[in-house]
Amino acid sequence: MPRGKTARAPASGAPLRPPWLRELAAGYLTVFPRVSPERRRGLHGFSFYQRRGRERVGVFVGFLTGLSPECAVFAFVEPTRGRLHARLVRRPKSLFREAYGFVTKYTARPPRFALDDEVAAALARSVPLAVFPARGREKHARNFFMETLALLQRAGLPERLARALD
């Protein structure tokens with residue numbers, strides 16, 4: 001397949017299969033030493049992460065699959081009920097709460113970021129692919145990913161998240 005072309009989406013799985021997604025996200029998430037493809041639990045994309053024992057922190061970039069597929073970016077801390085999750089997500093003035101305050105202040109238009117301190121994917125932003133015109137869907141998806149990752153990077157979340165396990 002020629003470089004830059006989108007492969008046809010499989011019947012079940014991601015609505016788009018952009019060959020540029022991993023490379024685009026890697027440019028924003030260079031602080032994470034590990035990258036793994038995600039093709040499970042309704043996810044289709046890449047997790048950029050760092051691990052220490054059972055603890056794992058990182059950012060997922062890709063698609064939520066299902067009846068209404070969505071472009072999604074979320075920062076996560078696992079396990080949800082661990083001390084690290086409490087420190088980074090649930091406590092007042094935590095890293096995720098500070099980042100959420102920053103990104104919501106500078107998100108000029110919908111979709112907005114959401115913060116949920118009860119789940120591993122605590123800071124998320126997603127948009128249904130159906131809101132994009134079919135003809136320019138890939139271009140709009142790329143713009144969504146770039147804008148979202150740039151906001152997270154500007155908030156300092158990837159760097160601070162990667163250092164959280166030191």
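The values are calculated or read from the model by the stated rules, or taken from the named source; none is laboratory data. Computed from a predicted structure; not experimentally measured. So basically every Cβ, Gly included, is an ideal-geometry build from the backbone, and we count neighbours across all protein chains shown.
Of the residues that sit in region 99-124 and are under 20 Å from Arg56 (Cα atoms) and touching a residue at least 40 places away in the same chain (Cβ under 8 Å), which one is surrounded by the most Cβ atoms within 10 Å (Cβ to Cβ)?
Ranking the qualifying residues of region 99-124, first place goes to Leu123.
Can you find a residue in region 139-150 that is over 25 Å from Val35 (Cβ atoms) and either assigned to a loop (DSSP other than H, G, I, E, B) or of a type in the set (Lys, Arg) (or both)? Quick ask: steps written out before the conclusion?
Taking region 139-150 first, the residues over 25 Å from Val35 (Cβ atoms) are none.
Scanning region 139-150 turns up no residue that is over 25 Å from Val35 (Cβ atoms) and either assigned to a loop (DSSP other than H, G, I, E, B) or of a type in the set (Lys, Arg) (or both).
Only one of Val103, Val77 is modelled with pLDDT of 95 or more, farther than 23 Å from Arg39 by Cβ and β-branched (Val, Ile, Thr). Can you tell me which? Steps first, please.
On the way: Val77 fails: farther than 23 Å from Arg39 by Cβ.
When all the criteria are applied, what remains is Val103.
Considering every residue within region 129-146, establish whether at least one is at pLDDT 95 or above, over 21 Å from Trp20 (Cβ atoms) and surrounded by fewer than 18 Cβ atoms within 10 Å (Cβ to Cβ).
No, region 129-146 contains no residue that is at pLDDT 95 or above, over 21 Å from Trp20 (Cβ atoms) and surrounded by fewer than 18 Cβ atoms within 10 Å (Cβ to Cβ).
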